[in-house]
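If you scroll down you'll find the structure; I have some questions about it.
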Amino acid sequence: MAGEPPKPDAKDVRQGKALMRGQILAQNSAYIPAAALAARKQYLCQAYEDGEYLKNKASKDQGPANLMADPKAMEAMMGGMKSQMMGIVPQTLIMGWIQFFFSGFILIKLPFPLGLRFKQMLQSGITTPNMDVRWVSSLSWYFLNLFGLRGVFALILGSDNSADGTRDMAAMGTMGAAGQQPGQPQDFHKQFLSLKDSLAIIYHEWDLANVEQRVLVKYGKQSRLFKSSAE
């Protein structure tokens, strides 16, 4: 049902790589000379300000585009919903079946005492106020197994497995809001301008200054070098 994943657009990849380039320059500015850093800062800051790396330069002042108007974005959203449907439908049927046939049934009794705060979590579907908290209803036991066995399934089947019910439950919660408030795309123009300001205030401190002497001192070769030069 998922089908083939959509191929990324070259312009979208270019935007992300340009943003990553500025971040890498900011993180590793101490490992290049001052002249090289100044040249790269000047080029990237000017390119970020002019929108050189934007997918659509004409719309840089209009904000991010609406995802609902992009056919590729809509296709990607539908593909994600189709892939989640295989896990959502079984979980919904099992939960509805348990709630319909076993609503109000007590299943097990825990062998250790618990406080009253656990009553609402362990006795879902039962409205008896005087019952001991250690008794667990069938619906609560289903949710405890659903969330409690996640670590066991991840250990045996791997992190991304179809038995992870919490992922399906999260998808069920987001599907209703997907049509009302769709996620907005990234505003690369604002990110470029923010990164431009960060690059402009970088203070260059050459981390490789006197690196030869530091290496010689680290390995105990500096005294021998002075002796050989004196001879």
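Starting from the amide H of Leu110, placed 1.01 Å from N in the peptide plane, find each other amide H under 5 Å away whose residue is 5 or more places distant or on another chain.
For Leu110, whose amide H was placed from the backbone, the distant partners under 5 Å are Trp135, Val136.
How much length is gained on full extension from Tyr43 to Phe147, taking 0.36 nm per residue of separation minus their Cα-Cα distance?
Here the segment from Tyr43 to Phe147 would lengthen by 32.3 nm.
FYI, it's all coordinate maths here, none of it is from the lab. Since we're looking at a predicted model, the values are computed, not measured.
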